[in-house]
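First up is the structure itself, then whatever we jot down about it.
The values are calculated or read from the model by the stated rules, or taken from the named source; none is laboratory data. For clarity, every value in this text was computed on a predicted model and none was experimentally measured. Note: ideal-geometry Cβ built from the backbone for every residue, glycine included; neighbour counts use all protein chains shown. Quick note on the areas: whole protein, heavy atoms, side chains included, nothing else; ligands and nucleic acids left out. Shrake-Rupley method; radii C 1.70, N 1.55, O 1.52, S 1.80 Å.
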Amino acid sequence: DKAEKIPGDGVVTGWGTGGTLTGAGEVIKLARPETKVIVAAPAAASLLAGKPFAPHKIQGWTPDFIPKVLKKEVADRIVEVSDADAIASARALAQREGIFCGISSGATFAAAGEPTPLAMVVYSPRSTSIATSRSVPNCGA
């Protein structure tokens, strides 16, 4: 029932263990098949896009392997976010919206700010705030 009430056209999330991307993504798509699931990934280590692992600053995201629980096919699109853009977005969220979060949340919001006609719900498990991408203008790089 809750998935049917999600505003917008899609959901943006990062991934670490793969649980949120896979679990939430599958349930949301079951309730609303038209909803797009966008996965944000560190530009330096976009394993889901086939790139090799490289160290990055986005804590909790993208270990040096793809967990068995993660179902890549749940994602409709992968958006790569640089460390610098993640940090800048986290700072912008604090300054403009009063949302204090780490750079993984900043990276998620940066991915939602990519040029797209979709209204996105941004889910960040490390932040207590959920917002739509249209409520945070110019948050992304």
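Is it fair to say D64 is farther than 20 Å from G10 by Cα, charged (D, E, K, R) and under 17 Å from the mean Cα position of the chain (by Cα)?
Details: farther than 20 Å from G10 by Cα: yes; charged (D, E, K, R): yes; under 17 Å from the mean Cα position of the chain (by Cα): no.
So D64 does not fit the description; no.
Taking the residues in region 71-127 that are under 12 Å from the mean Cα position of the chain (by Cα) and more than 23 Å from T17 (Cα to Cα) as candidates, determine which candidate is modelled with the lowest pLDDT.
The residue in question is E114.
Only residues that are more than 23 Å from K57 (Cα to Cα), touching a Ser or Thr at 6+ places or on another chain (Cβ under 8 Å), small (G, A, S) and open to solvent by 10 Å² or more (accessible area, probe 1.4 Å): list them for region 9-45, please.
The one that is more than 23 Å from K57 (Cα to Cα), touching a Ser or Thr at 6+ places or on another chain (Cβ under 8 Å), small (G, A, S) and open to solvent by 10 Å² or more (accessible area, probe 1.4 Å): A24.
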